[in-house]
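*Asks:* Would you mind keeping the following structure in view while I ask a few things?
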Amino acid sequence: MSEPRLAEGLVGVSGMSTPVGNPKESEESPGSMWPKDLINLEAGETAWQVVLKKIRELSDSRHQVFRQALPRVLPFYVVKCNSRPWVLRVLATLGTSFDCASQVELEQEELIKVAQHHPGARLVLRLWTQDSESILPLSAKFGASLGVCEHMLKSARDLGLAVVGTSFHVGSRCQAPHSFTQAITNCWRVFEMGCGVRHDMSLLDIGGGFPGEEGSDSKFEETVGVINTALAQDFP
């Protein structure tokens, strides 16, 4: 029979299990989270499962106490305190609402809704695109900036959601074909991020914005030429 393993936060050294950090400091600190007793894992049980189980137990009891004490008050969890997907998933399961103060937090909440109601969904991540030279820009309302994409991809993975590709839209009647070049390059970078966190990325949606009015044949030819070149370079 193999020796029991220890819950996350403890490491084994030379056959002995030793807590990480300075136990003396932790014992002297009021309200310390230092475990008083080591937690033995059952056969086939992982440290991660033990941690989640404990979180659910604590969250469930405290959530009930709060609701019973203040029956007319609906608790809202402030996402910026801890935005880890597994924390939010536990709270969402309990029926907790969320207080989101930034775009990233709002996007995180939307992912949680998808995971709850459409767990088998195949998602496409829409990117923000420079579209100031379009007749009708759209990026003011739609699209994630490149800087938050990796966080969103990891969050989707942690929630068990599959992201299969990217999309963008350079705006209606785009006047600057080179906008497609940068957008396609950015999508390639997101493909790399996605593959790096184990998403199977295979779909690229290049949106619209093509010139189609009377007399725009030359502009259309220029646009498709730019797109074909960018695709050949980034998605050969």
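Please treat every number below as a calculation from the coordinates, not as lab data. Every value quoted in this text rests on a predicted model; they were computed, and no experiment measured them. Virtual Cβ from ideal backbone geometry, glycine too; neighbours counted across all protein chains shown.
*Asks:* Return the distance in nm (one decimal) between the two label points of a simple spin-label model at Asp205 and Ser218, each offset 7 Å from Cα along Cα→Cβ.
*Replies:* Distance between the two pseudo-spin positions: 3.4 nm.
*Asks:* As a footprinting exposure proxy, order His169, His63, His117 by other Cβ within 10 Å, with the fewest listed first.
*Replies:* Details: His169 22, His63 17, His117 8.
Ordered from fewest to most neighbouring Cβ atoms within 10 Å, His169, His63, His117 come out as His117, His63, His169.
*Asks:* Could I ask something else about it? Quick one: if you stick a label point 7 Å off each Cα along the C-beta vector at Cys195 and Val78, how many nm between them?
*Replies:* Label at Cys195, label at Val78, 4.2 nm between them.
*Asks:* Over all distinct alpha-carbon pairs, what is the Kirkwood Rh of the range 129-208 in angstrom?
*Replies:* Hydrodynamic radius (Kirkwood, Cα only) of the range 129-208 equals 13.1 Å.
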